[in-house]
Each structure stands twice: as C-alpha cells, then as structure tokens.
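Heads up, the thing below is written out as structure tokens.
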Amino acid sequence: MSMFDDIPVDVGIIYEGERIRGREMQVELGGPREEFKFELVQTMDLDEIEDGKVEIIGPDLSELPEGKNTPFGMIIYVAGEEIEKDLEGVIERQVHEYANFIEGFMHLNQRYDVQMRLSKKSYKKGFNSFKFFGEVLMRLYKSEMSFVEKIQITFITDPAKVEEWYGKAIEIYEARDAKARGMSDDDVEVFYGCSLCQSFAPTHLCVITPQRYANCGAISWFDGKATAKVDPKGPVFEILKGEKLDDLTGEYEGVNQIIREKSLGEIERVQLYTAFGYPHTSCGCFEGCAFFIPEMDGYGVVHRNFKGETVNGLSFVTISDLTAGGRQVDGFHGLSIEYMRSPRFMQADGGWDRVVWMPVDIKERIRNYLPPEIVDKIATEEDVSDLDGLKAYLQEHDHPIVSRWTAAPKEEPGEITLPTLELPASAIPIQGIPAGMGFRIILKNVKIRAEKMIIKADKR
Ligand code: SF4
C-alpha cells in the first residue's frame, strides 16, 4: 500500500527529469511568459497552522484554460519545534524535487523564476485540482523532513493576488539574501555543500559559502548551516574548508576532497571565484550565467529572465545548454544573482573590471553593489546590439578591458579558440577504443585553424 494510493497519478523518483513539451501540457503555472510567479516557504508557530489544509485562491486546475500559462503563487506554511527561519530557503528549494516526483508534472527553477507544467495525460487521469498537488507535497515533506510537524499550503492563481504576494515574496527573498552580506569566506571554518541537483546533474555539487551563494540563488550559507544541523544526513551538509590552497581563485583542500567524493571522481578540483581552469560546476537551475566573449577578452553576464539575444547573438537557453549538466566548462559559469553582489565575484578573472556587457534589468538590480567607477562602463542591450558596437562603447567609456587589448598578444588571424569542445569518440578514431562505446572526448582550450572552408550540399 502506497502513501499515494488516493492520488490519481503515480508519485515516485522515476518521474524526476520528465520533460513536458508545450503541446503536451494541460497548463503552465508561472514560466517565462508570466511576469508574476513565485514559490515561498514561511515558518510559523505550531498553533498558527491548520495541519493538512490546502487553500486555493483563484481558479483551480480544472478551471484554467487548456494549453495556456497562468500567473501562479504557492505559499507553504510549516511549523515544528526544531524549525527556525533559516530553514525556509532549503525547505522551499525542496519543492523542486518533490514536485518532480509527480507523474506528468514538471517543475523548473525556483523562487520568482518558477515554471511548472502539468501534462494533459495526468490531467485526464484525474489530477485536476491543486488539492492533489498540495497533498503530495505535504506528505513528502512530513515523511522526508521529520522536523516539519505541521504544514499547510496556499495556491494562488488569481492574478491580482499573485501580484500582491509577489511583491511581498521579493522582500522576503531580499531579507534572506542580505543576511550573509558583510561576512567573509575567511570568517568561517565550514562551507556547506548541496547535492539536491544531482538527480539531473550527477557530477554537480554546489559549494555554498558566505561570499558565494548557491547557483540557484535559493540557499545561503545560513540556510545551509540551519539545514545541516537539523538533517545532517540530508542533501545539504557541512564541508570543512581545510587548507586554503589559493586565496585568489578560492581553492580549498576540503572542498576538493568532497567534490571528488560526491562526483565519483569526475570533478577533481574546484576554484570558487573563477570561470576558467577549475570553475564551480553548473547544474542547470542557475539564476544567471557569465559567458566569455573572446573578441573582447571579457565577460558578459546574463540572467534567466532575459528574453532577447546577448551582445554576441546567444540566448540564455543556448548559453545555459553550453554549461549545464554538472560540467566545468571554461568561460561559461552558472551563478546566482546574489553572487554578483559579492566582493569575491569572479575575482581571479578580474572581477567587474572584466565584465563588458549585461542586461539593463540585472544591472539596475545590483547597481549599488558594483564598483561605482565601472557601472557606466558596462554596456547593456540599450547601449549596443552587436560586438562592433560593444567595442566602440568600451573604448568610448574607457572600460578597463581596453588596456588588456593592447597588452595582450594578438591571435593569429583566422584562428578560433573554443574554451571546451566535446566530441563523441566516433568523431576521432582512437586505437583501442571502438566507435560507439559511449566515450566522450573533451578538449580544453581548443584552437581550430583551417586554410579553407568548403560547404557542400548534403545529398544523403
Ligand atoms: S542549484 Fe545548488 S544549491 Fe540550488 S538546489 Fe541545486 S545543488 Fe542545491
């Protein structure tokens, strides 16, 4: 007998990673087309919660138009003797895993970026009310996180109410994020690791420090501390820093050791404050991404909600695909917005002096944390639309990157440098490795030089 027998669809770990395409979806909750969406956990006193209650404000799943998206908010109220405010971030992040256990349900991202889809198939099986979604979440929380003694959930689809709560949620996230500001990584003996995203990025581990917030932007060092205390065997755990191997790049013996263990030897070293060499791995739910622009010898930074093309013609999705999956890809670096506020932000690569482009939206959000002398030197999509325009802008505004152009040796004309190139083994026959055996060949700092390029029609 399963604890989900009364739920119309199956619930289990096998459904994690299920993707629901647009044409298969009954409804999309939140997502990139909706301005207002959020998920939020709030801790309460035990007597303030009606355990097991599900409240729905606005149309229920059965009342939402088929195949469309809707504004969406979800507030999970929890209480327990051991529960403290610093646990909210991790309890909230756990929605991602639990929601993805539901057959025909997909949950992406976090906080104000959430995107959820219910499949038509599961809807037809009877999963037609938020009541079922709430039941699954509440049962999983209580069985997996024993410190959650009471829980109740409110789902909101009424557009005005979602907008109203969105504003409150943003203030709550900001207060959580602000807590670790001012602390230094040197002030603490332990960092925290989070392996929640290993279900879809098996070699990924977030290393959460006071000055390097988790990639998803949902878990701070304080959140890690509170969670590791109440659930030491859970997915968020203590990492003893050990000997500091390099202050500039942020490399620690203890971090390397745990990364090696948790990635089963795939990742050997991680340097916390760089996007080159041994960068922090990127799972896929990062809030933003730094991407190297070789023509400028500098970085662009883009966030998930940026809908256009970056200055070098890439979308966030393309950039994200280049680095997601728990890999270390030179020059592409998944990160949180809070990390952009950190004094350690990519310090080994030159920090903000190396950033040449970012969307105006994100620039405004973090403006007060940028070194004042650089703010107006970083171009946005409102200033330039291509690399020629960017180059002129940087020169005109005397961006520090310009001095690197004259100092750096020129590359040979016609030569392309790729930070990383991954090929199937069949692409380069190697003696002893039969084609099709599932090997990957990863070449670092690849230079491609061709005397001629011929494009032929494929007549196969
Ligand atoms: S992005 Fe990192 S911190 Fe956030 S849930 Fe995934 S592993 Fe944990």
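The values are calculated or read from the model by the stated rules, or taken from the named source; none is laboratory data. Note that the coordinates shown come from a computational prediction; the quantities given were computed from them, not determined experimentally. Positions of Cβ are generated from backbone atoms using ideal geometry, with glycine treated the same way; all protein chains shown enter the neighbour counts.
Structure above, values below:
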item: Meets criteria (at pLDDT 95 or above, of a type in the set (D, E, K, R) and surrounded by 22 or more Cβ atoms within 10 Å (Cβ to Cβ)) for ARG212; result: yes
item: Candidates SER146, SER195 - the one that is assigned by TED's automatic domain parsing to the domain that holds PHE222 and under 16 Å from VAL236 (Cα atoms); result: SER195
item: Top-ranked residue of the range 82-119 - restricted to ones that are within 24 Å of ARG23 (Cα to Cα) and of a type in the set (S, T, N, Q), ranked as farthest from the ligand (Cβ to nearest atom); result: SER119
item: Selection status of PHE291, under 30 Å from ASP388 (Cα atoms) and either surrounded by 22 or more Cβ atoms within 10 Å (Cβ to Cβ) or within 16 Å of the ligand (Cβ to nearest atom) (or both); result: yes
item: Identity of the residue in the range 341-392, among the polar types (S, T, N, Q) and more than 18 Å from ASP297 (Cβ to Cβ), that ends up surrounded by the fewest Cβ atoms within 10 Å (Cβ to Cβ); result: ASN368
item: From the options ALA214, ALA178, residue that is of a type in the set (A, V, I, L, M) and within 13 Å of the ligand (Cβ to nearest atom); result: ALA214
item: Answer from ALA180, ALA201, ALA169, ALA175 - the residue that is modelled with pLDDT under 95 and touching a Phe, Trp or Tyr at 6+ places or on another chain (Cβ under 7 Å); result: ALA180
item: Near pairs, Cβ below 8 angstrom, 6+ apart or cross-chain, from the range 282-293 (closer than 9 Å to ARG304 by Cα) to any residue that is of a type in the set (Lys, Arg); result: PHE286/ARG304; GLU287/ARG304; GLY288/ARG304
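Yes or no, residue by residue, for (1) under 25 Å from the mean Cα position of the chain (by Cα); (2) assigned to a strand (DSSP E or B); (3) in contact (Cβ under 8 Å) with a residue 24 or more places away in the chain:
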position	(1), (2), (3)
SER2	no, no, no
VAL9	no, no, yes
ARG19	yes, no, yes
GLU28	yes, yes, yes
GLN42	yes, yes, yes
ASP51	no, no, yes
